[in-house]
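A.B. asks: What follows is a single structure, and I will ask about it in a moment.
Please treat every number below as a calculation from the coordinates, not as lab data. Just so it is clear, the structure is predicted and the values come from calculations on it, not from any experiment. Reconstructed Cβ throughout: ideal geometry from the backbone, glycine too, with neighbour counts over all protein chains shown.
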Amino acid sequence: MFLVVWTECHESKDERAVYEDHWLAYDTYAEAADNYDKLLEQEEVYTASVCTVVESTDYEGIEPDEEV
């Protein structure tokens with residue numbers, strides 16, 4: 001399971017920056033990387049990341065190398 005998370009920056013009516021957070025889940029890294037690359041081409045994308053799930057109530061996470 002991989003997540004693509006990104007923030008878009010839009011201008012409001014009073015010309016202030018408005019930030020919106022988004023995320024999408026993917027079964028494979030290839031799918032996530034493809035969407036990430038497409039996001040980077042969009043002018044309104046302020047930040048973007050490809051992440052994996054460590055712990056979740058909704059998705060199967062990875063096993064950390066060591067306990068915290």
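A.B. asks: Pairs of alpha-carbon atoms within less than 8 angstrom and 6+ residues apart define the contacts here; what relative contact order does the stretch 2-52 have, in percent?
C.D. replies: That works out to 50 percent.
A.B. asks: A further question follows. From the backbone phi of the stretch 10-20, what are the Karplus-calculated ³J(HN,Hα) couplings (6.51 cos²θ - 1.76 cosθ + 1.60, θ = phi - 60°) in whole Hz, Gly and Pro given as x?
C.D. replies: Per residue, the Karplus-derived 3J(HN,Hα) values read 10, 8, 7, 4, 8, 6, 8, 6, 10, 9, 10 Hz.
A.B. asks: Also, quick follow-up: How far apart, in nm, are the 7 Å Cα→Cβ label points at residue 57 and residue 18?
C.D. replies: Label-label distance for residue 57 and residue 18, simple model: 3.0 nm.
A.B. asks: Run the helix sum for the chain: -39,500 (n - 2.57) per DSSP H stretch of 4+ residues, divided by residue count, reported at 222 nm to the nearest 500 deg cm²/dmol.
C.D. replies: It lands at -5500 deg cm²/dmol.
A.B. asks: If the label point is 7 Å along Cα→Cβ of residue 9, which residues in the stretch 40-66 have backbone nitrogen under 20 Å from it?
C.D. replies: Only 40-50 pass the distance filter.
A.B. asks: Compute the signed sum of charges (Lys and Arg +1, Asp and Glu -1) over the other residues within less than 10 Å, Cβ to Cβ, of residue 2.
C.D. replies: Result for the local shell: -2.
A.B. asks: For the chain, take the longest principal axis of its alpha carbons; what is the angle in degrees between that and the long axis of helix 29-40, to the nearest 10 within 0 to 90?
C.D. replies: Tilt of helix 29-40: around 10 degrees.
A.B. asks: Of the options 48, 18, 5, report the single residue whose Cα projects farthest towards the positive end of the charge dipole of the chain (beta-carbon charges: Lys, Arg +1; Asp, Glu -1).
C.D. replies: 18
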